[in-house]
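Comments concern the structure below.
The values are calculated or read from the model by the stated rules, or taken from the named source; none is laboratory data. Here the structure is a predicted model, which is why all the values come from computation and not from measurement. Please note: Cβ atoms are built from the backbone with ideal geometry, for glycine as well, and neighbour counts cover all protein chains shown. In case anyone asks, the SASA skips ligands and DNA or RNA and just uses the protein heavy atoms, side chains included. Shrake-Rupley method; radii C 1.70, N 1.55, O 1.52, S 1.80 Å.
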Amino acid sequence: MAFGGLRGTLTGNGASIGATNALTGSVAVSVRDLVFVCFGQQTNLTATGVTDNLGNTYTAQNAGTDAGGSAGRAFYSIVTVAGTLTTCTVAASASGNNYAGFVAVIEGPFGAIDMNPANAAD
């Protein structure tokens, strides 16, 4: 595999958002790979953070997007702890609304993310 290649994905969804929401799968990650998390909610943007089973640190990309009928927020991590990534857990406010999440692991090495473009309104 080469720089920028997709190593694998994790996914999760549910009919009710919990305080913690697991996106699961199994992907081998190396130090300096990029992990990108996208979490969508039926209404009201409440996702506040992401953790994983390896202990990597995640950063929110902007404040998220809330179109009124649906909301989404992205997070990323440049891997500092290698291993097998099996769970990314998204913290959010519990509700009866639906959610869906997706994690993409992209082969590095990445140094830093130096862009944080403004959200687009649709």
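The 3J(HN,Hα) values that the Karplus relation (6.51, -1.76, 1.60; θ = phi - 60°) gives for region 70-75 are, in residue order, 8, 9, x, 9, 10, 9 Hz. Gly and Pro appear as x.
When each of the peptides 19-29, 73-83, 2-12 is scored by how many other beta carbons lie within 10 Å of its residues on average, the order from highest to lowest is 73-83, 19-29, 2-12. Taking the chain, how much of its Cα-Cα pair set, in percent, is spaced more than 19 angstrom apart? Beyond 19 Å sits 44 percent of the P(r) for the chain. For the chain, the solvent-accessible area of protein heavy atoms averages 50 Å² per residue (probe radius 1.4 Å; ligands and nucleic acids excluded).
Quote the relative contact order of the chain in percent (integer), defining contacts as alpha-carbon pairs under 8 Å separated by 6+ residues. Across the chain, relative contact order equals 42 percent. Extension gain, T86 to R32, is 17.7 nm, computed as 0.36 nm per intervening residue step minus the present C-alpha separation. Karplus-based coupling profile of region 90-98, in residue order and whole Hz: 9, 7, 7, 7, 5, 6, x, 7, 6, with θ = phi - 60° in 6.51 cos²θ - 1.76 cosθ + 1.60 and x standing for Gly or Pro. The accessible surface of the chain, taken with every protein chain in place and a 1.4 Å probe, is 54 percent carbon and sulfur.
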